[in-house]
Every structure is written in C-alpha cells, then in structure tokens.
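The values are calculated or read from the model by the stated rules, or taken from the named source; none is laboratory data. Keep in mind it's a predicted model, so treat the numbers as computed, not measured. Every residue, glycine as well, gets a Cβ built from its backbone with ideal geometry; the counts of neighbours run over all protein chains shown.
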Amino acid sequence: MQNIEWSKLPFDYFKTDYNVRCHYRNDQWGEIEISSSETVNLHMSATCLHYGQEAFEGMKAYHGKDGTIRLFRWEENAKRMQDSAEGIMMAKPPIDLFYEMVTKVVKLNKKYLPPYGHGASLYIRPLLIGTGAQVGVNPADEYMLIIFVCPVGPYFKEGFNPVTIQIANDYDRAAPQGTGSIKVGGNYAASLQPAVRAKKEGFASVLFLDAKENKYLDEAGPANFFGIKNNTYITPESTSILPSITNKSIMQLAKDEGLKVEQRKVPVEELEEFDEVGACGTAAIITPIKKIVHRKTGKTYEFCKDGKAGPISTKLYKKLQGIQFGEVEDPHGWVTVVE
Ligand code: PLP
Ligand code: COI
C-alpha cells in the first residue's frame, strides 16, 4: 500500500479497496454486494440522472489512541437518509441495512483508516440513487444504495484556524418550502455558483441568507452556522437548513457546559453582536470564522482579533473531538465501537 501522508490529507476523493452496494428491486432490498469497482453501470434514463432522485449522507469513522474504531451517532445519519428518501420519493433504506453496510465498508477498508493523532478520519459517504428508467417526471421503481469511504483531513484547509466567509445575497441555496432540510444533490448544485465565486474572491465559503426575505442567516456553505454571545450558543432556525447532527451535538455539549442555547431566526445585523462565530458539520467539524463580508454592501464583521478561535468554540471543539476519538467520556452514548 502506498505511503499516505495522513496529516496532509485534503477533504477529497481517495481511492480505497472496496465499496458496498445494495439494490432495491421489486419492492424490496436485496443482498449487500461488495465491489472493488469505482464506477456504476446505469440506465441512461435513470431518474438520478434526469430528475435529481439522489440523496447522500456524510459521516466519519474515528481511530482512537487505543486502536478502537468509532462511529458517531450513525443512527441519526440513517434516519436522515430516510427523511431525504421520503422527501424526494425514493425507497427508504432500512436502519439495520444502513448500519450493516456502514460497518462492512469500514472494516473492509481498515487500512485506510487514518491512525490517531493526524487530525484525519475515514469519511463515509452513503449515496442513494434512483436507478429505474423514467422519461415522464415520476419516481423510479428501482434504487441503489452505495457506500464508499475516503480517508480525509478537515473540509477547510485551515482546519481549526479561523476562515473568512462571504455573504451572498444574490443566490438562494434552497427555498423555504423546498428541499433545504434534506440532503439531496440539487441543494449542492444550487450552491456551486456562489461557492466557486466566493473562493475566487478569496473566501473559504458562502453564508447564505434566507431565500424569502434575504434578512436572516441560513446555511454556512456545507455546514450550519453558529454564534456565541452572553454565554449563549445561538444557531439559525430555518426550514431550508439541513438539521446538522454535529450542531445538534454541540447544542447539547453547550448546555452541558452551562451555556444557554437558542435556535431561532438570526438577522444579519446580529453578526455585530457575536463574540465568536463558526461553521459546524461532519466535514467542517467546528470551523471558526474570523471575518464575514457582505458581498453587496461590503459591510465586514470581524472576530478572532488575535487570530485564534475563541475560548468557547475551542472548548466545544475539544469536547466534540474528544468524544469522537474516545478520549473523553461519552455521557450521551453517541459513539458506537466497530468491532
Ligand atoms: N449543512 C449542510 C448543507 C451540509 O451539507 C452538512 C453536512 O452534512 C451540514 C449542514 C452538517 O450536517 P452534519 O453535522 O450532520 O454533518
Ligand atoms: C458533511 O459534512 O458530511 C457533508 O456532507 C458536507 C459535504 C457536502 C462535503
């Protein structure tokens, strides 16, 4: 096996040995197949290609100091994949099937699991697609669930170092009554124009505003947004935001630390009042934000004046990663050991 520079891994595709697949045909899920192919043979009229019947998940396996492999709240990912499937009328993968596939693919690719201490983990990507052929706009009658893995570093190359973000008010990621709250490909396609532009203009990511009024904070690129002030952890509430498992966990950890937690509409101007702000998600973990620039008005909000993440974000980050890597107690039973 090639020498992998574990601490330099980007968040990117990385070929591993195996993926697992399962087909839904004739109203039922079949046997789990193990594949070493990186490609998928599809009918040219498959609904995933034409009508966006596609949903995915993102989760990680963490290698502890003790050599133990841990999954974090996998059941939440399984349930969210079912919600996504329901949202765009796809067959729902059973929770047990999801778990069996996840553990199988992790074990099959054990040698790609980054060793402890490199800030890296094994990203797990479950993908559900409509494979049945349709030309009319209808749901397919056949589906495929594929799960592959890639060793990855943090999503933002800065890691836990603060990033700059651009508010894009001229693009909407998802509509209030649309698909923003489920994890379907179309949301990400809609985010590409402003995300690529933001990168060209020197920012790590985009902060979207609500699509209806353009007044409230929505998603932070491929992550949820949070702000901290007056011993309170505040995160936007919106029907177009993906319910992040990381954010849900951080809200609990913040409460455990004695912080108040508010999930509510956050007007853009409130950015002025936060002591710390950040983005959170499986890929992003907790990414502190040092500067937010409103692209249209040029208005700039600055944080982390000393160049470092704030104390509360740091504490929450350490607690979260501590649980994920099995270094601190897991009081909420979030971790599952892969035997
Ligand atoms: N928001 C979006 C748009 C995402 O793609 C993700 C990543 O999954 C998140 C938020 C964070 O969700 P989670 O913490 O469950 O990974
Ligand atoms: C994740 O955090 O797991 C995600 O799915 C984000 C992703 C779109 C890269």
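Just for the range 119-144: of the residues that are among the charged types (D, E, K, R) and not in a strand (DSSP E or B), which one is surrounded by the most Cβ atoms within 10 Å (Cβ to Cβ)? Before you say what the answer is, go through the steps one by one.
Pass one, the range 119-144, residues among the charged types (D, E, K, R): 125, 141-142.
From what is left, the residues that are not in a strand (DSSP E or B) are 141-142.
Numbers: 141: 16, 142: 18.
For the range 119-144, the residue satisfying everything is 142.
Go through the range 37-97 and tell me which strands (runs of 3 or more DSSP E), entirely inside it, have 3 or more residues that are touching a Ser or Thr at 6+ places or on another chain (Cβ under 9 Å), of a type in the set (Gly, Ala, Ser) and not assigned by TED's automatic domain parsing to the domain that holds residue 130.
Details: elements: 54-56, 59-63, 69-72.
Those strands (runs of 3 or more DSSP E) do not exist here; none qualify.
Restricting to the range 65-81, and then to whatever is modelled with pLDDT of 95 or more and either among the aliphatic types (A, V, I, L, M) or surrounded by fewer than 19 Cβ atoms within 10 Å (Cβ to Cβ) (or both), can you tell me which residue is farthest from the chain's Cα centre (by Cα)? Full working, then the answer.
From the range 65-81, those modelled with pLDDT of 95 or more are 68-81; that's our starting set.
Checking which are either among the aliphatic types (A, V, I, L, M) or surrounded by fewer than 19 Cβ atoms within 10 Å (Cβ to Cβ) (or both) leaves us with 68-69, 71, 75-76, 78-79, 81.
Values: 68: 23, 69: 20, 71: 14, 75: 15, 76: 12, 78: 13, 79: 14, 81: 12 Å.
Taking the candidates together, the pick is 68.
State which residue is farthest from residue 61 (Cα to Cα) when the search covers only the range 294-309 and only residues that are surrounded by fewer than 20 Cβ atoms within 10 Å (Cβ to Cβ) and touching a residue at least 40 places away in the same chain (Cβ under 8 Å). Full working, then the answer.
First pass over the range 294-309, keeping only residues surrounded by fewer than 20 Cβ atoms within 10 Å (Cβ to Cβ): 294-300, 302, 305-308.
Pick out the ones that are also touching a residue at least 40 places away in the same chain (Cβ under 8 Å) and you get 294-296, 307-308.
Values: 294: 36, 295: 37, 296: 40, 307: 30, 308: 27 Å.
Looking at the filtered set, the residue picked out is 296.
Surrounded by fewer than 21 Cβ atoms within 10 Å (Cβ to Cβ) and touching a residue at least 12 places away in the same chain (Cβ under 8 Å), is that true of residue 95?
Numbers: surrounded by fewer than 21 Cβ atoms within 10 Å (Cβ to Cβ): yes; touching a residue at least 12 places away in the same chain (Cβ under 8 Å): yes.
For residue 95, the condition - surrounded by fewer than 21 Cβ atoms within 10 Å (Cβ to Cβ) and touching a residue at least 12 places away in the same chain (Cβ under 8 Å) - is met.
Yes or no, residue by residue, for (1) within 12 Å of ligand 2 (Cβ to nearest atom); (2) within 23 Å of residue 336 (Cα to Cα):
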{"site": "51", "(1), (2)": "no, no"}
{"site": "57", "(1), (2)": "yes, yes"}
{"site": "62", "(1), (2)": "no, yes"}
{"site": "72", "(1), (2)": "yes, yes"}
{"site": "75", "(1), (2)": "no, yes"}
{"site": "78", "(1), (2)": "no, yes"}
{"site": "82", "(1), (2)": "no, yes"}
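Against the conditions (1) buried (at least 22 other Cβ atoms within 10 Å of the Cβ); (2) in contact with a Phe, Trp or Tyr (Cβ under 8 Å, 6 or more places away or on another chain), where does residue 244 fall short? Just the number, please.
Evaluating residue 244 over (1) buried (at least 22 other Cβ atoms within 10 Å of the Cβ); (2) in contact with a Phe, Trp or Tyr (Cβ under 8 Å, 6 or more places away or on another chain) leaves (2) as the failure.
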